[in-house]
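Enquirer: Pasting in a structure now, in structure tokens, and then I'll have a few things to ask.
What follows draws every value from the coordinates through simple rules; no lab data is involved. Only a predicted model underlies this, so the values are computations on that prediction, with no experimental measurement involved. When we count neighbours, we look across all protein chains shown, and the Cβ atoms used for this are built from the backbone with ideal geometry, even at glycine.
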Amino acid sequence: MGKSSVYNASKQQYPPTFKLFFFFLPLSLAITSFLLIFIYIYTTSKLSTDPQSSPFLKPATNYSLFDLIIPGSTDYETIQFSIDNTAEDLFFDLPRTSSYAKQNQWSLGDLFGFTGNTLNNTEIYHDTDVFLEDYKEMNKSFKIFVYPHKPDDPFANVLLPEDYNPEGPYTSELYFKKALFNSHFITQDPNEAHLFYMPFSILHLRHDPRIGPEKLQDFVKDYIFNISHKYPFWNRTGGADHFYTACHSISEIAMDKIVEAKENSIQLVCTSTYFVTGYFPHKDVSLPQIWVKKHDPGTLVSSKRNRLAFFAGRVNSPVRAALFKHWVNDTEIFAHFGGLETNDGKEQLRSKFCLHVKGFEINTARVTDALHYGCVPVILANHHDLPFTDILNWKSFSVVVHYMDVPVLRKILQGISFEELSWLQSNVMKVRKHFEWNVPAVDYDAFYMTMYELWLRKSSVRV
């Protein structure tokens with residue numbers, strides 16, 4: 001009887017509509033997927049919107065990439081490539097016409113309303129309450145152990161902080177070290193430390209005649225070998241609770257002879273790009289590149305800003321080459337080849353938007369310069385992991401533009417309404433304090449914001 005019951009149950013007849021449902025369900029899903037893929041390709045592919053704009057459909061020529069971007073660009077200096085330029089820059093393809101760029105503002109998410117951001121873009125923090133509460137806790141309990149070195153150490157100039165205020169575009173690592181050594185975050189008891197600081201300066205190592213770029217990797221390797229044999233702390237986590245700072249791009253190769261440090265340790269660096277294999281977002285920290293100014297610009301009244309946008313710099317990347325090709329003679333976007341005879345600050349003070357355009361590396365001090373002068377930064381640097389992005393909502397005080405939109409840059413900036421520009425400028429004034437080095441450090445300045453980023457990462461370390 002038991003077998004007969006099982007047999008009869010397996011022979012149960014289902015209604016015809018039930019069978020049809022299971023027949024058409026996978027078929028309808030397949031058709032829907034095909035349609036979505038087709039719509040995406042149709043709205044984003046230049047082959048379907050402007051076939052003549054693709055260089056791959058034209059006969060091969062002997063022109064270089066820069067002949068295509070700037071025909072006859074013999075007046076420009078030879079464009080150098082950085083470590084990450086070789087892939088990132090050489091394979092981006094600029095549109096030939098503004099009509100193409102306009103057509104390609106669409107994406108599949110835009111068509112179906114999937115890209116709507118529920119975050120109010122007028123708020124400068126992702127979550128103000130959480131940040132302020134965590135900041136207080138960080139300020140109260142966060143502890144760092146610095147590997148000790150004596151003033152008579154042969155490399156004291158590399159390992160100890162300066163007794164002066166450094167100057168130049170790569171000094172963020174030096175200001176951080178100086179502030180940390182004089183802060184309440186330092187502990188002499190390594191057992192209560194959350195993180196461990198390796199205080200060597202990549203910038204000073206690069207310029208030290210005993211080391212230089214040639215022996216930099218050996219110095220770092222030997223340093224980590226020494227602390228891992230003298231102290232037990234590196235070995236218990238594989239260096240995951242250790243960090244170092246660097247603002248020069250040579251830091252990208254500093255750890256090449258000790259892969260464990262590159263993969264595990266927290267890198268506090270200015271060259272923070274998703275495109276470099278040695279940088280890991282959310283493990284590593286983007287350090288703001290700040291060229292400390294001696295004087296405050298004074299009044300930052302927005303009503304005196306009668307120029308749309310400003311940029312001055314060398315042509316040392318295809319993106320900058322494209323910028324100068326399209327806008328070097330424009331009356332609204334001031335794009336100047338090379339440095340200015342006068343202080344750049346005067347031009348930034350009279351401009352609504354200030355352009356940060358990727359050069360030899362992803363990072364420059366132009367972003368923080370713009371904020372210093374109350375100018376809304378425009379980020380033209382794909383794959384840039386922007387400083388303090390775990391805390392700050394960059395959409396609230398900057399405009400991020402893709403390389404492909406260089407030909408329609410003026411239209412994008414002119415399309416920003418007066419109301420939007422007003423709250424962008426207002427938020428610039430609010431975030432300026434986060435991008436300043438102070439001696440001594442001041443609450444919520446660049447030092448404390450960097451410490452908060454490190455504090456966020458302490459919880460991911462497992463001993």
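Enquirer: Lys/Arg Cβ at +1, Asp/Glu Cβ at -1, dipole of segment 302-435 taken about the Cα centre: which of Leu323, Leu308, Pro407 is farthest positive-ward?
Expert: Looking along the dipole axis, the top candidate is Leu308.
Enquirer: Do any of Lys140/Lys458; Lys177/Lys257; Lys136/Lys458; Lys143/Lys178; Lys178/Lys262; Lys325/Lys411 go past 18 Å between their Cα atoms, and which? Mind showing how you got there, number by number?
Expert: Numbers: Lys140/Lys458 15 Å; Lys177/Lys257 24 Å; Lys136/Lys458 16 Å; Lys143/Lys178 16 Å; Lys178/Lys262 24 Å; Lys325/Lys411 16 Å.
Over 18 Å apart, Cα to Cα: Lys177/Lys257; Lys178/Lys262.
Enquirer: Sort segment 302-435 into rounded, prolate or oblate with this rule: let a ≥ b ≥ c be the square roots of the eigenvalues of the Cα gyration tensor; rounded if a/c is under 1.5, and if a/c is not under 1.5, prolate when a/b is larger than b/c, oblate otherwise. Don't jump to the answer; show the numbers that get you there.
Expert: On the way: a/c = 1.36, a/b = 1.19, b/c = 1.15.
Rounded is the answer for segment 302-435, as its axis ratio a/c remains below 1.5.
Enquirer: Which ³J(HN,Hα) values in Hz, rounded to whole numbers, follow from the phi angles of segment 305-318 under the Karplus curve 6.51 cos²θ - 1.76 cosθ + 1.60, where θ = phi - 60° and Gly and Pro get x?
Expert: For segment 305-318, the Karplus-derived couplings read 8, 9, 10, 5, 8, 9, 8, 9, x, 7, 8, 10, 7, x Hz, x marking Gly and Pro.
Enquirer: Please report the Cα spread of segment 187-264 along all three principal axes, rounded to whole Å, starting with the longest.
Expert: Ordered largest first, segment 187-264 gives principal extents of 36, 23, 20 Å.
Enquirer: For labels at Lys283 and Asn235 in the simple 7 Å Cα→Cβ model, what's the distance in nm?
Expert: 2.2 nm
Enquirer: Moving on to the next point. Tell me which residues come under 5 Å, amide H to amide H, from Phe334 once H is placed; ignore anything under 5 positions away on its chain.
Expert: Ala309, Phe310, Phe311
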